[in-house]
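What follows is a set of notes on a single structure, which appears directly below.
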Amino acid sequence: MTEEECEAWALYRYRVISPCLDPATTPQTRAAYLGQLGEQPITAPTGHVAPPSERTLRRWLQIYRQGGFAALRPQPRADAGQLRAIPPALWEQAVAFKQEVPERSAEQVLALLRAWAPTAGIPTAAVDGIRRSTLYRHWHRAGWTKRRIRTAAPKRYKRWEAAGPGDLWQSDVMNGPFLPDPTPAQPDRMRATYCLVILDDYSRRIMAGQFAWSADTDLLEALLRQALERWGAPRRFYCDNGQIYVSQRLEGILARLDIRLIHTPAYTPQGKGKQEKLWGFVQSSFLPELRVQPADSLGQLNTWFTAWCEAHYHRRVHRETGEAPLVRWQAGSLHRSVSWEVLHAAFQERCTRTVDKTGQVQWQGHRWIVPEGLLQCRVELRWDPHAPETIDVWYENQCYGQAGAADQAAPVLEATPAPKPAMGPGLSYLTILARQREARHQGGIDWAARPPERTDDV
């Protein structure tokens, strides 16, 4: 029982007997009060509504007169924490079985004890009297739980990095700043943003990154495709066990591109040190500048983040590697170039349909005409999620062409142009970086001749 619980019980008992502590109270009045109080429902600190008996009330009065308020506190048992229901020999053997295989449950240990007890001259009835909850309680109190046994000896970790640029990419999500909600229904509402980044392990270069209203699989696929189209395919992709990283679709995309997907083992965040260090630098270098000139829209926030990455982060010397991420990336690369056809096929979504007698299939509530020669065949439809109006028809690993819409209401993807961010008035570091990035793309700044800046590492 904790200190707060003991104090609550003492106050509860004192509150009940306090009317009887008045010296002016006569014995007859005190006896009548105790008799009536034993019949009234009173809520105890545990939440139970149960009236204390008259004998209990008189005992509380007696111990208060002898020891004062401190005597009303619950006293610990003299044998608290000691084994009473488990014989010492059985307890020692139960701990040995648990240490041998920490994953063993109480039911398994009890079964082993029943088999071991006759060999030690202990009747099996002694094992049958042990409850699983009792075993779990004593294990927890003694520190023999599965997690504590595994972490009893501290595990050693060592610093590591990929063999070269493009060998390993990492990805993670960070909570971003709050921005005005763009929906017209709630113009004054502030909405949370999320930042998803793909980081090259060797060079620490940000291959792709963006703020969005939600960190879902669509955002991950868009950034992954953008990075693959621009920089090629890495050999491995390292991420945690978040919902967007354990999807079957991501696993299929990486498998078609011959990229090995690696997840961080559970309860071992030490392997994400580079990514967490990057988030720390974003929170200390990029996000504070938003207090000087807040972003009015998601497009403006992403414009400033891109300028910060290209004009500041990629060109500053990393204290751990001794080189700027851009210089370290250009030193050499292990990535593989991917053709547009292979990349397009890897990101296509797929489903199977049976062609009816009219040579049509139904998909998303609409009917589509498939090429000839596939009547009543089980075909596979493949389409780009960003262009669902173009559907490829595959049968036995061969493309037979594209399906045509049989009705006029076929789904067509409407392209929504991204809002063009506007630079607000005033002077801010992010504005300077955005102007430098724009001038660099126009050839106004020779970044190759400019030495990288040395600041804190990531």
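All of the numbers you see were taken from the coordinates with simple rules; none came from a lab. Treat the numbers as computed from the prediction; the structure is a model and nothing was measured. Note that each Cβ is placed from the backbone with ideal geometry, even for glycine, and that neighbours are counted across all protein chains shown.
Numbers below:
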item	result
Size of charge dipole - the chain - debye, nearest 20, with Cβ of Lys, Arg +1 and Asp, Glu -1, no other charges	2100
Given charges at beta-carbon only (K, R positive; D, E negative), |dipole| of segment 168-330 in Debye	480
Neighbour-count ranking [beta-carbon atoms within 10 angstrom, fewest first] of M174, M207	M174, M207
Theoretical ellipticity at 222 nm over the chain - DSSP helices of four or more residues, -39500 (n - 2.57) apiece, nearest 500	-10500 deg cm²/dmol
For peptides 430-436, 278-284, sequence by mean Cβ density within 10 Å, most packed first	430-436, 278-284
Highest to lowest packing among 374-385, 348-359, scored as the average C-beta count within 10 Å	374-385, 348-359
5 angstrom amide H check on R336, placed H, neighbours 5+ away	A233
log10 of Debye I(q)/I(0), alpha-carbon scatterers only, for segment 164-210 at 0.13, 0.27, 0.32 Å⁻¹	-0.44, -0.89, -1.04
Per-residue HN-Hα couplings for segment 278-287 [Karplus 6.51, -1.76, 1.60; θ = phi - 60°; Hz; x = Gly/Pro]	5, 4, x, 6, 4, 6, 9, 10, 8, 5
Furthest towards positive pole of dipole, A439, A405, L298, structure part the chain, Cβ charges	L298
FRET efficiency, 1/(1 + (r/R0)^6) with R0 60 Å, evaluated for Q28 and F281 via beta carbons	0.15
Integer Hz, Karplus 6.51/-1.76/1.60 couplings in order for segment 207-217, x for Gly and Pro	6, 6, x, 6, 8, 8, 6, 8, 8, 10, 5
Residues in segment 237-251 that a label on I262 would reach, taking backbone N under 20 Å of a point 7 Å out along Cα→Cβ	237-247, 250-251
Charge dipole (the chain, unit charges on Cβ, about Cα centre) - positive-most of M190, P88, P269	P88
Structure-derived semi-axes √(5λ) of the Cα gyration tensor in Å: which label, when the choices are (1) 63, 35, 30; (2) 39, 26, 22; (3) 69, 26, 18	(1)
Calculated from backbone phi, Karplus (6.51, -1.76, 1.60) coupling profile of segment 299-308 in Hz, x at Gly/Pro	x, 5, 4, 5, 5, 5, 5, 5, 5, 5
Cα gyration tensor, segment 3-72 - rounded (a/c under 1.5), prolate or oblate	oblate
Segment 168-330 shape via C-alpha gyration tensor axes, a/c threshold 1.5	oblate
Neighbourhood charge, 12 Å Cβ-Cβ cut-off, centred on D240 and excluding it, Lys, Arg +1 and Asp, Glu -1	-1
Theoretical gain in end-to-end length, H344 to F97 [0.36 nm per residue, Cα-Cα removed]	83.4 nm
Gain in span if fully extended, D216 to R440, counting 0.36 nm per residue against the direct Cα distance	77.4 nm
Footprinting exposure proxy for Y400, Y136 (fewest neighbouring C-beta atoms within 10 Å first)	Y136, Y400
Least to most buried among F97, F347, F237 (fewest other Cβ within 10 Å first)	F97, F347, F237
Proximal lysine pairs, the chain, alpha carbons under 18 Å, eight or more residues apart or interchain	6
Prolate/oblate/rounded call for segment 348-405, Cα gyration tensor, a/c under 1.5 rounded	oblate
Lys/Arg +1, Asp/Glu -1 at C-beta; the chain dipole; positive extreme among V355, P234, A106	A106
